[in-house]
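Okay, so here's the structure we're looking at.
Since every read-out is calculated from the coordinates, none of them should be taken as a lab result. Fair warning: this is a prediction, and the values are worked out from it, not measured in the lab. Cβ coordinates were reconstructed from backbone atoms using ideal geometry, including for glycine residues, and neighbour counts include every protein chain displayed.
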There are 2 protein chains.
Amino acid sequence: MKPVVDLPGEEGLIVREGEPGIWRYASVLPPVKMRVSHREGLTPVLESKRIGDEISVDLTYKDETRNPTGSFKDRAGAVMLSVASERSVSQITTASSGNAAGAIALYSLLSDVEANIFMYKPSQQKLSQTLSYGANVYIVDTPDEGTVLSLAEKASSELGWTLLNTTAATNPMVSEGYKTVSYELWEEERSPDWISIPVSSGSLLLGVHRGFSELERIGCMNKIPKLLGVQSSGVQPIVEAFDRGRDFVEPSKRADSIATALSLENPGTSGVETLRSIRSSGGAMVAVEDDSLIETTRNLAAKDGIYSEPSGAISLAGTIEAIEAGIIEEGDSVLCLITGGGLKDPSGFEGEGSPSARVIDNSLSSIKERLE
Amino acid sequence: MKPVVDLPGEEGLIVREGEPGIWRYASVLPPVKMRVSHREGLTPVLESKRIGDEISVDLTYKDETRNPTGSFKDRAGAVMLSVASERSVSQITTASSGNAAGAIALYSLLSDVEANIFMYKPSQQKLSQTLSYGANVYIVDTPDEGTVLSLAEKASSELGWTLLNTTAATNPMVSEGYKTVSYELWEEERSPDWISIPVSSGSLLLGVHRGFSELERIGCMNKIPKLLGVQSSGVQPIVEAFDRGRDFVEPSKRADSIATALSLENPGTSGVETLRSIRSSGGAMVAVEDDSLIETTRNLAAKDGIYSEPSGAISLAGTIEAIEAGIIEEGDSVLCLITGGGLKDPSGFEGEGSPSARVIDNSLSSIKERLE
């Protein structure tokens, strides 16, 4: 990836302390006149209350569900639309299973750009939210996420819309947004041994890696955390390439997982760059089965108090997997990025064994029945 | 209400700047050894992008949807459970339509307290979230919210659970939590002419008023904003008392509104204190019809980019009502508290006239059809 901004020299990084969002790092972000913002970023790092002890690591979470639309995508959305606005773009399009859709719809609205969004099997919650911001939404009836992206590309060239591709390799603004995660961790002086990150095409991981690499070049950090990339075993093209020691990625033949935000069969060039970033960090990749992912999603809420969608909790499920595989060792410090909230996709809390309420009449006896 | 904490003298207010949540104001909060926190509070104030100009006021929003569980209730939850934990409480109970349920479930989990929560017509989203934190949830089959509270009271006395009543008059910890809103506004040097606040029993409004009163007594503020209390016209007992110049509140005979979080027929003593606080601030009360509330909820998202539940957007709907009634004047500065997110209750975006998506096949022609 080509550098987008000129980095300052050693000790030269300016943090705009009054700025309560990602633009506090404007000195290392693309220069724009109008910084579109709804105070995305500066998400809290929360200590694990119970799970860390259970799995014998020093466990923290960076809670990206606290962004304006409830997912990490807002970081990229703010940067992409600020740049699009600078370039006087009037109509944009993108393809998304839901989190990017909500983020791009919001920041389009804030920058007076019309958004045309192609969605792929969205949860009702993500769809309603995206529509609420006034985006034109097309749900494509196809079993294949790649088709949706192709259609968005076709529409953009035929109808004169600007395509906002949300994969890092095709759109450098994406990593520019996500790298703010690393700058926040640096500013809070958090330097865990491992950072665990959900991987679809790998854009978030690439952004985090770019952030740490920049901080190293600027002279602010001398040790980059190891990156753990986590995919669902139902669609794990990059994990397979990693396991086989390849430097290319073959598209997955299937995409079948409860982690709907991570259902991309073909990660393209971003997948290759993801492999490279993980290896250069000394990190690893793991895949997680749906059963274990559902269990982890429920435990994350019930034990540590973070209500997440399965795609967001996969960083914790992958951490547990990596401990069992001997990749992460006892006593290591691990920070999991929780990328999207349970209110956006409560599917981890549905079906067999999920927590349930009891409907009672207005009497104490019906409570006592339950207590017995 | 009796004071809970000893206030510092003039200029003596200590803000713990490193503390990224409400406990930065620990010097004016109940003294506890263990401050339970998931970084609630410090919510952003967002400028209106379009609506302020349309209605000719200087309009901002304090976005309480950015709290850990997605509503302002987290502020009270953190204080209540910190105090409960201090007192070695092991089992608590509360009654809620959903937002308090989620907040109390989360902070109970974080303080190792077992939560038994009685819910009243919750949205599926609020229910799933509350269950996710491991609370025992009872949905009471009754047409009347008061009944649910009575049952919670009965259960608490009979079963030895500690009742966490979330109305300010019966539980001073509630206002202690909500007053942090005012401290945050003071710290950001925001002093609008009006603050518009959704009112059920009035607990949030009472907390905000307490915060400003304290700041005045400490010597930090010399002008308290006027408070606008907003109820739904489907259940507006306090508005009726205000309009009639009464200092008592008669329970509403009906509770019929899309603003489900504001459906309390009988606000009890908190209602009386709400009247007093509003009058002493030089403020006013208004009620809002469901039709206008739905329109406002949709506009808040589509024009200003905040996806809210109807109960949360009612502060904006009330502002518009108050402008039309000549209560708020052109050019006034108005800050609306947006108390809960659209992901928690998307009912404002359902039904007739709501924004909708188009399902298309994988072809450009189906997009062009829509464009024509």
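What does the copy distance list look like for A:R87, label position 7 Å along Cα→Cβ, in nm and ordered from shortest?
Distances between equivalent label points, in nm: 6.0.
Shape verdict for the stretch A:73-163, please, from the Cα gyration tensor: rounded (a/c under 1.5), prolate (a/b greater than b/c) or oblate.
Note, shape of the stretch A:73-163 comes out oblate.
Pairs to check: B:K73/B:K223; A:K121/A:K253; A:K62/A:K344; A:K73/A:K344. Give those whose C-alpha atoms are more than 20 Å from each other in this structure.
Checking Cα-Cα distances, B:K73/B:K223 exceed 20 Å.
Among B:V288, B:S315, B:L13, which residue has its Cα positioned farthest towards the positive end of the charge dipole of chain B, with +1 placed on the Cβ of Lys and Arg, -1 on the Cβ of Asp and Glu, and the dipole taken about the Cα centre?
B:L13
With each label point set 7 Å from Cα along the Cα-Cβ vector, what nm distance links B:E114 and A:S27?
5.5
If R0 is 45 Å, what FRET efficiency do you get for B:E289 and A:S292 from their C-beta distance, rounded to 0.05?
Computed FRET efficiency for B:E289 and A:S292: 0.35.
Based on alpha-carbon centroids, what's the gap between the stretch B:196-253 and the stretch A:204-244 in Å, whole number please?
With the stretch B:196-253 and the stretch A:204-244 each reduced to a Cα centre, they are spaced 51 Å.
Put a point 7 Å out from Cα along the line to Cβ at B:E153; what are the distances to that point in the other copies, in nm, shortest first?
Going from nearest to farthest copy, the values are 6.6 nm.
Could you tell me the distance between the Cα centroids of the stretch A:84-106 and the stretch B:352-372, to the nearest Å?
Value for the Cα centre distance between the two parts: 17 Å.
Considering Cα pairs under 8 angstrom that are at least six residues apart, work out the relative contact order of chain B and quote it in whole percent.
Dividing the mean separation by the residue count of chain B yields 18 percent.
Which of A:S270, B:S280, B:S37 has the fewest other C-beta atoms within 10 Å, and how do the rest follow up to the most?
So the ranking, lowest neighbour count to highest, is B:S280, B:S37, A:S270.
What share of the DSSP beta bridges in chain B is antiparallel, in percent to the nearest 5?
15
How do B:293-301, A:221-229 rank on mean C-beta neighbours within 10 Å, highest first?
Highest-to-lowest ranking by the protection proxy: B:293-301, A:221-229.
Taking a label point 7 Å out from Cα toward Cβ, give me the nm distances from B:R370 to the same spot in the other copies, shortest first, one decimal.
Ordered by increasing distance: 4.2 nm.
What percent does the relative contact order of the stretch A:73-163 come to when contacts are Cα pairs within less than 8 Å and at least six residues apart?
Answer for the stretch A:73-163 is 31 percent.
Relative contact order for the stretch B:308-372: what is it in percent, counting Cα pairs under 8 Å that are at least 6 residues apart?
Reported relative contact order: 40 percent.
Among A:G207, B:S257, A:S97, flag the residue with its Cα farthest along the positive direction of the charge dipole of the protein assembly as shown, charges on Cβ as +1 for Lys/Arg and -1 for Asp/Glu.
Value computed over the given set: A:G207.
Which chain A residue comes nearest the axis with its C-beta when you rotate A onto B, and by how many angstrom?
A:L343, 2
Of the listed peptides A:333-341, B:326-334, what is their order by residue-averaged count of other C-beta atoms within 10 Å, with the highest listed first?
Going from most to least packed, we get A:333-341, B:326-334.
Mind checking A:108-118 for the average number of partner chain beta-carbons within 10 Å of each residue's beta-carbon?
The mean count of partner-chain Cβ atoms within 10 Å per residue comes to 2.
For the stretch A:236-357, what does the alpha-carbon gyration tensor say about shape, rounded, prolate or oblate, given a ≥ b ≥ c as the root eigenvalues, a/c under 1.5 as rounded, and a/b over b/c as prolate?
oblate
Run the helix sum for chain A: -39,500 (n - 2.57) per DSSP H stretch of 4+ residues, divided by residue count, reported at 222 nm to the nearest 500 deg cm²/dmol.
-11500 deg cm²/dmol
Ranking A:V36, B:V272 by Cβ neighbours within 10 Å, fewest first, what do you get?
Listed from fewest to most nearby Cβ atoms, that is B:V272, A:V36.
Net charge near B:F248, counting Lys/Arg +1 and Asp/Glu -1 over other residues with Cβ under 13 Å of its Cβ?
-1
On a full-extension model of 0.36 nm per residue, what is the gain between A:D256 and A:S363, subtracting their alpha-carbon distance, rounded to one decimal in nm?
Difference between extended and current length: 34.0 nm.
So, with +1 on the Cβ of K and R and -1 on the Cβ of D and E, and no other charges, what is the size of the charge dipole of the stretch B:1-152 about its Cα centre, to the nearest 20 debye?
Value, rounded to 20: 340 debye.
Might you report the magnitude of the Cβ-based charge dipole of the protein assembly as shown about its Cα centre, with Lys and Arg at +1 and Asp and Glu at -1, to the nearest 20 debye?
360
Under the definition of partner shielding as Cβ atoms of other protein chains within 10 Å of a residue Cβ, what is the mean value for peptide B:136-148?
Average per residue, whole number: 3.
To the nearest 20 debye, what charge dipole does the stretch A:73-163 have about its Cα centre, counting +1 at the Cβ of each Lys and Arg and -1 at the Cβ of each Asp and Glu?
Around 220 debye, computed over the stretch A:73-163.
Using Cβ contacts closer than 10 Å as the measure, can you line up B:W194, A:W186 from fewest to most?
Ranking B:W194, A:W186 by Cβ neighbours within 10 Å, fewest first, gives A:W186, B:W194.
Please state, as a whole number in µm²/s, the translational diffusion coefficient that the Stokes-Einstein equation yields for chain B at 25 °C and 0.890 mPa s, with Rh defined as the Kirkwood radius across alpha carbon pairs.
Reported coefficient: 118 µm²/s.
Can you pull the mean other chain C-beta count within 10 Å for peptide B:37-49?
If you average over the peptide's residues, the count of other-chain Cβ atoms is 3.
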